[in-house]
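First the structure, in the form of structure tokens, and then the observations on it.
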Amino acid sequence: MIEASPGATGSIDGPPGEPAPGGQWRLVSAPHREHHPSFYRYIASETLATRYDRHFRDNELFEYDKTLLEQVLPSGGRLLDLGCGTGRHLEHFARSGWRVTGVDLSEPMLQEAAVKLSGAKLEARLYRADILDLSFLQPGSFDAAICMFSTLGMIREAELRQRAVCQAAKCLRPGGVFVAHVHNRLHFLKWIEGRRDLFEAFVRRLGGGQPVGDCVMSNYRGEVDLYLHNFTLGELLGLVRRAGLKIIRTVPLNERRNDEARGLFNRIMANGFIVAAEKR
């Protein structure tokens, strides 16, 4: 089996090659240069990866989004997890009989995923690659593609986020389902400080500053500064529709992120959104 080299193109959608340094995955490409500088520090952090599962152990979203995915995804087949991290969804759906493929740029995260899957004696294809270019995967070969926990929000610039969603859609078969989670920009309206920050961001944008919704979280988990884009619902739905996908479900999340938000104002100021769409 030939191992892909950095920057390789073309279809290499097969069993993982020889172990790459540090893990059992296939090295496909280095990160694209368009990402925010903080992104490269995030994906290189071993501490963030090794403590990831423990840090988010009590995160109620991590149980709710699995339940929701089971509701909106087909009953089985091939699943592509974009920004798979330490492989929580890969493990869950592999146990359910799915054939799973994970893509991530963080070697430490992929190492954690590989150890987890190997320990559970579960099979998965793992690729270190940038979700801005999925040309190494065969078009139309997946029944579902997911991009969870605001992975889309870590991509700066609207054009690049659109590219990522279009790449995901290209991997789906007709009738395949794409699901994504993002944070909600209007959630900050719940607090005086948040309303002030949104107003100031809008004023800066009028003066040629960064897009409203862009922020950098300082000292994220005590490790790195981290860029994150917060979406409006309309912005998210537009990304998905322009990729040729039909919206089948939209879920505004409540404050605890363990259920759908109830009531008009709670839905407008939801903690975040999960959207499911089908390839036409």
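Bear in mind that the values in this text are calculations on the coordinates, not laboratory data. Keep in mind it's a predicted model, so treat the numbers as computed, not measured. Cβ: placed from backbone, ideal geometry, glycine included. Neighbour counts: every protein chain shown.
A compact table of results
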{"read-out": "Candidates per trypsin sites (Lys or Arg not before Pro) in the stretch 112-149, loop by DSSP, up to 14 other Cβ within 10 Å", "value": "Lys121"}
{"read-out": "For the chain: Kirkwood Rh in Å [reciprocal of mean 1/r, alpha carbons]", "value": "19.2"}
{"read-out": "Backbone HN-Hα couplings from phi across the stretch 169-184 [Karplus 6.51/-1.76/1.60, Hz, Gly and Pro as x]", "value": "4, 5, 6, 7, 6, x, x, x, 10, 10, 10, 9, 10, 9, 8, 9"}
{"read-out": "Net length gained if the chain between Gln138 and Thr67 were fully extended (0.36 nm per residue, minus Cα distance)", "value": "22.7 nm"}
{"read-out": "Amide H within-cut-off set for Arg26, under 5 Å, with H built and near neighbours excluded", "value": "Gly17, Leu126, Tyr127, Arg128"}
{"read-out": "C-alpha long axis of helix 233-242 to longest principal axis of the chain, angle in °", "value": "40"}
{"read-out": "GNM top mover of Gln111, Gln138, Gln162 - the chain, alpha-carbon springs below 10 Å", "value": "Gln138"}
{"read-out": "Radius 14 Å from Cβ of Val179, net charge of other residues (Lys, Arg +1; Asp, Glu -1)", "value": "-1"}
{"read-out": "Helix axis angle, 192-206 relative to the chain longest principal axis, alpha carbon, degrees", "value": "80"}
{"read-out": "Linear extension gain, Lys246 paired with Glu223, 0.36 nm per residue minus alpha-carbon span", "value": "4.4 nm"}
{"read-out": "Order of Ser150, Ser29 under a 10 Å beta carbon neighbour criterion, fewest first", "value": "Ser150, Ser29"}
{"read-out": "Built amide H within the under 5 Å cut-off of Asn230, gap 5+", "value": "Asp214, Cys215"}
{"read-out": "Rounded FRET efficiency, nearest 0.05, which uses the C-beta distance separating Tyr40 from Phe265 and R0 of 35 Å", "value": "0.35"}
{"read-out": "With Cα atoms, 0 to 90° folded angle of helix 61-72 axis to the chain main axis", "value": "70"}
